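Written below as structure tokens is the structure these notes are about.
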Amino acid sequence: MIYIKKVELHNFQSHEYTEMEFDRGLNVILGNSDVGKTAILRAIKWALYNEPKGDYFIRQGEKDVSCKVTFSNGVIVERLKTPSKNSYFLVDASGNEMRFEGFGIDVPKEITDVTNMYKVPLDNSNNKTILNIAEQLDGPFLLNEQASLRASAIGRLIGVNYVDDALRTVVRDNKRTNQEIVELIKNRDDLKEQLDGFSYIKEYKEKYDKITNIRNKIKKSQDKLELCSKLKENFYKNKCELEEISALLEKFKNLNTVEIIIPNLESFILKKDNFENYLNKIIKTNNEINLIINNLEKLKHLDEISLKASQISEYKNNLSIYENLDNKYKKNLKELSDVKDDLKNYKNNVEIQNIAEKLQGNLTFYSKVSQYKDNLSKINSKLSLGNDYIKNFFNNDKIDFISKTIEDKTKILKEISYVEDKFRNISNEISVINDKLKNIDEDIKGYTVSYEKTILDMRVCPFCYSKIDNESIEHIKYHLRND
């Protein structure tokens with residue numbers, strides 16, 4: 001069993017600094033009146049149970065107060081309070097340190113688990129009693145309490161409260177079960193009345209079965225008719241094909257004589273093709289000879305022409321490079337002008353953002369209005385019942401008051417409906433504006449990618465028109481994609 005080994009007080013009531021050690025067993029504190037004996041118990045109670053509340057116990061003229069309680073197993077609980085902080089400091093039996101702030105009116109659970117000093121409930125209320133510490137003028141346990149509290153506490157000690165809880169639960173369940181039985185009987189009678197109204201369904205079912213059988217027979221007959229139609233079409237088609245085949249067989253009666261003539265014709269055709277190939281080769285060879293003679297005549301000054309050709313090729317390559325650069329430069333200027341025009345169109349992005357924020361607020365308001373509408377529909381259903389009741393008691397003053405209240409609520413309903421319609425129109429406008437903003441963002445991304453590709457293809461700085469290397473290209477890419 002652990003016990004309090006030492007208590008240290010700092011600026012607690014009359015104690016500027018007091019340190020007291022205790023032994024296992026009975027400890028007695030002696031002293032004159034008003035020297036702070038009760039303050040020691042009050043400080044221990046403040047440290048272990050967070051009572052009393054407030055700060056009236058701080059020594060007059062001081063701002064800080066603390067109480068440190070050391071237990072025999074090495075656990076240390078220190079309660080601290082300053083003008084800016086209200087905290088607990090705990091050292092458990094293993095030497096682990098923990099600090100707690102913002103714990104409210106209850107002691108942190110880690111501290112109560114270590115000290116095992118809890119407040120105990122003596123009845124069904126939320127009030128809890130401290131059993132470990134008694135004030136100076138407190139009487140014996142439970143003798144100063146009310147008779148009902150004493151009975152409840154004794155009942156809890158011997159377990160009578162479990163019987164009371166069980167009885168309350170049984171009574172509550174019995175009452176709920178009886179209500180459910182009454183409702184089920186009422187539902188059964190209603191269902192019987194509804195079933196009596198559907199007695200004609202048997203005759204309809206017999207008629208439906210007869211109609212179903214007739215439809216099945218009609219469907220089978222239709223299937224047979226379709227099959228006969230397909231067979232008829234196939235018959236006529238096969239008949240036509242047979243007539244065409246008979247005509248072809250009539251034309252190929254003399255096929256045997258043709259087979260004898262065909263090999264001779266093939267040999268003559270082959271010889272003819274060979275002679276034509278020889279003649280074409282001879283003509284082609286003569287043309288090539290004449291062409292070579294003419295080319296040799298033209299190539300007398302080949303060296304001079306080769307030198308000029310090399311110069312022309314170099315000039316041509318330079319010209320093509322300059323033409324590409326010029327075309328890219330013109331294209332770049334055009335895209336820059338388009339981007340500037342687009343940027344002018346996007347100057348009002350801040351206003352669009354403000355509109356979007358306002359629309360978001362309107363959406364929140366619309367959600368509230370929709371809730372009001374649901375509540376209003378429920379009220380309308382109840383109003384219809386109320387109107388029927390009012391007709392039977394037309395001259396009743398209370399009914400008149402209720403009628404006036406209903407008229408006022410109806411006016412409010414009309415105003416809410418008007419606000420709902422207006423907010424629905426605003427929501428539609430929001431969706432249109434959001435679609436436009438998405439299209440604008442996609443266009444900006446497209447122009448940015450095109451502008452980046454143009455600069456990287458030209459390899460020329462768009463500001464100073466100087467050539468750029470790979471490092472400069474990566475630098476320009478970074479700024480184009482992040483700025």
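Taken together, the values in this text are just the output of simple stated rules run on the coordinates, not laboratory data. No experiment lies behind these values; they were computed from the predicted model shown. Because the Cβ atoms are built from the backbone with ideal geometry, glycine has one as well, and the counts that use them run over all protein chains shown.
Highest mean packing comes first when the peptides 102-112, 2-12 are listed by Cβ atoms within 10 Å, giving 2-12, 102-112. Each residue of region 88-102 was assigned a 3J(HN,Hα) from its phi angle through the Karplus curve 6.51 cos²θ - 1.76 cosθ + 1.60 (θ = phi - 60°); the sequence is 10, 10, 10, 10, 7, 5, 8, x, 6, 9, 9, 10, 10, 9, x Hz, with glycine and proline shown as x.
Here the spin labels are modelled as points 7 Å beyond Cα on the Cα-Cβ line, and at Leu325 and Asn32 they lie 10.8 nm apart.
Of the cross-linked pairs Lys328/Lys438; Lys5/Lys128; Lys45/Lys109, those separated by over 19 Å at the C-alpha level are Lys328/Lys438; Lys5/Lys128. Ranked by the mean number of other Cβ atoms within 10 Å of their residues, highest first, the peptides 208-219, 429-440 fall in the order 429-440, 208-219. Most tightly packed first, judged by the mean number of other beta-carbon atoms within 10 Å of their residues, the peptides 49-62, 167-180 read 49-62, 167-180.
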